[in-house]
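Below is one structure, written out as structure tokens, with a few remarks after it.
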Amino acid sequence: MSGSYLLTSPNAIGLPAAERGDAPAPAASAVVEEWWPQIERLLADGQASAAICSMEALAVEMRRATVGDAPLFRDALTLARRVLYDDLAQVGRTAECEEPTRAALYRCATWDEELRPYLEQLISS
């Protein structure tokens with residue numbers, strides 16, 4: 001939880017373990033572990049605009065990392081990005097930063113083909 005924000009870390013999404021075998025841990029999860037504390041600190045310090053920028057950058061890094069992760073993790077990691085986008089939208093609403101948030105979600109929609117329809121919904125709401 002961050003200040004007046006009740007956010008869910010993208011790492012809260014469970015990963016498939018049964019078929020994991022010897023697949024290495026997803027790099028996308030490590031990216032979230034690295035970035036998430038900074039985002040929470042920014043929000044706690046009242047820096048919503050900086051947090052929005054960091055969340056957008058985290059989405060980009062998560063997508064890059066997911067490309068190299070084992071295919072069995074892709075659905076869960078895509079869902080984790082969706083959770084991040086929900087958090088981003090919540091921060092924008094709560095902090096009354098709707099325009100920067102819409103712009104960030106729009107930029108994400110340009111490269112996130114899997115979640116583009118969902119992002120378009122968030123942008124229009």
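The figures follow:
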quantity: Only one of Gln38, Gln47, Gln90 that is under 13 Å from the mean Cα position of the chain (by Cα), polar (S, T, N, Q) and under 18 Å from Leu7 (Cβ atoms); calculated: Gln90
quantity: Options Ala95, Ala103: the member that is at negative phi, surrounded by 20 or more Cβ atoms within 10 Å (Cβ to Cβ) and aliphatic (A, V, I, L, M); calculated: Ala95
quantity: Options Met55, Met62; residue that is at negative phi, touching a Lys or Arg at 6+ places or on another chain (Cβ under 6 Å) and modelled with pLDDT of 75 or more; calculated: Met62
quantity: Glu120 vs. criteria surrounded by fewer than 14 Cβ atoms within 10 Å (Cβ to Cβ) and on the phi > 0 side of the Ramachandran plot; calculated: no
quantity: Spans of helices (runs of 4 or more DSSP H) in region 42-125 with at least 2 residues free of Cβ contacts under 8 Å to residues at least 40 places away in the same chain and among the small types (Gly, Ala, Ser); calculated: 48-68, 98-111
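The values are calculated or read from the model by the stated rules, or taken from the named source; none is laboratory data. Quantities reported herein were computed from a predicted structural model and do not represent experimental measurements. Reconstructed Cβ throughout: ideal geometry from the backbone, glycine too, with neighbour counts over all protein chains shown.
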